[in-house]
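Some notes on the structure that comes next.
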Amino acid sequence: MEQPVETEMAHTEHHPLDELLRQDRLPHIWCPGCGLGTAMTCFVSALYKSCLDLDKTVVVSGIGCTGRVAGYVRLDSFHTTHGRAIPFATGLKLGNPDLKVIVFSGDGDLAGIGGNHFIHAARRNVDITVICVNNFNYGMTGGQLGPTTPLTARTSTSPRGNLEHPFNLPYLAAGSGAVYVARWTVLHVRRLEKAILQALEKKGFSFVEVISPCPTLYGRWNRLRDGLDNMRYYAEHSRIEHGADPGEVDIDLGGEIVVGKFVDIDKPVWGELAPA
């Protein structure tokens, strides 16, 4: 009997974003319900749609769950020490002004341990894009109190509730001099992708805050135990207000989350005012 001839499939499984991801390092390490996978997808999709020369695009991160993003994207990337992503990125930009330098890290890394670097890079209007995934705690190291933990929120180091006033990150960025400031949650995927794209194409210090769940730690302490609980909360408590005063977009435990594009201005970047 004649044997059937085996033929190759007429097409292969392929997604346009595959070329921007290090497939050998996937699946990722993030917990079920974490929003970091969604945030990374929005970021990579924005890169794909941008006009950037990806051979001259660099991603820098610090330590923490969010810092893993630098190792998953197929670009030149640097996983730096805790809190030092922004000065490292600044050095890259100064050393090679032709590079597009992106910092992708977490609230503890950028606003806590690296907070001083954050405000001075914004003040100088260094031409970098900073994407901060804010899950309100130090997620990788045990769910400790962080610089953005809402008042009265419980964490592993504030089991009776936080008594310290948290940073309002859009206000901190805008007050320090950022030329682009936006905030979205991981529920708002299309709007988040658009905001990241706008930030990437903005000249100067651009900042996007991404509100993301940490159900394993922060969520467990504050009765948001899985991803769907968080998505439902974002849907019911988010209010879009473009142009809102950044000073009035604080996040309270159980309260409203104001999202949108808050700042979009132009001014000279660091180095342009220097005499020839």
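The values are calculated or read from the model by the stated rules, or taken from the named source; none is laboratory data. This is a predicted model, so every value here is computed, not measured. No Cβ is skipped: glycine too gets one built from the backbone with ideal geometry, and neighbour counts run over all protein chains shown.
Say whether the condition of being over 14 Å from the mean Cα position of the chain (by Cα), aliphatic (A, V, I, L, M), surrounded by 24 or more Cβ atoms within 10 Å (Cβ to Cβ) and farther than 17 Å from V44 by Cβ is met by at least one residue in the stretch 107-115. No: the stretch 107-115 contains no residue that is over 14 Å from the mean Cα position of the chain (by Cα), aliphatic (A, V, I, L, M), surrounded by 24 or more Cβ atoms within 10 Å (Cβ to Cβ) and farther than 17 Å from V44 by Cβ. In the set A182, A174, only one residue is closer than 23 Å to I265 by Cα, touching a residue at least 24 places away in the same chain (Cβ under 8 Å) and not in a strand (DSSP E or B); that residue is A174. Here is a check on your reading of the model: is L169 in contact (Cβ under 8 Å) with a residue 40 or more places away in the chain, among the hydrophobic types (A, V, I, L, M, F, W, C) and touching a Cys at 6+ places or on another chain (Cβ under 8 Å)? Taking the combined requirement at face value, the residue satisfies it. Restricting attention to the stretch 18-40, which residues are in a helix (DSSP H, G or I), over 16 Å from the mean Cα position of the chain (by Cα) and either surrounded by 13 or more Cβ atoms within 10 Å (Cβ to Cβ) or modelled with pLDDT of 95 or more (or both)? Answer for the stretch 18-40, where residues must be in a helix (DSSP H, G or I), over 16 Å from the mean Cα position of the chain (by Cα) and either surrounded by 13 or more Cβ atoms within 10 Å (Cβ to Cβ) or modelled with pLDDT of 95 or more (or both): L20, R25. Taking the criterion of being surrounded by fewer than 15 Cβ atoms within 10 Å (Cβ to Cβ) and not charged (D, E, K, R), the residues of the stretch 243-252 that qualify are G243, G247.
For the stretch 212-242, the set of residues classified as buried (at least 18 other Cβ atoms within 10 Å of the Cβ) and assigned to a loop (DSSP other than H, G, I, E, B) consists of S212, P213, C214, N222, L224, listed by residue number. Within the stretch 125-144, the set of residues being among the hydrophobic types (A, V, I, L, M, F, W, C), surrounded by fewer than 22 Cβ atoms within 10 Å (Cβ to Cβ) and part of a strand (DSSP E or B) is empty. Apart from one condition, K261 fits all of (1) surrounded by 15 or more Cβ atoms within 10 Å (Cβ to Cβ); (2) touching a residue at least 40 places away in the same chain (Cβ under 8 Å); (3) touching a Pro at 6+ places or on another chain (Cβ under 9 Å); the exception is (3). One residue stands out among those in the stretch 194-211 that are buried (at least 20 other Cβ atoms within 10 Å of the Cβ) and not aliphatic (A, V, I, L, M): the one that is farthest from P170 (Cα to Cα), which is G204. Residue check: is T57 at pLDDT 95 or above, farther than 17 Å from V208 by Cα, surrounded by fewer than 22 Cβ atoms within 10 Å (Cβ to Cβ) and among the polar types (S, T, N, Q)? For T57, the condition - at pLDDT 95 or above, farther than 17 Å from V208 by Cα, surrounded by fewer than 22 Cβ atoms within 10 Å (Cβ to Cβ) and among the polar types (S, T, N, Q) - is met.
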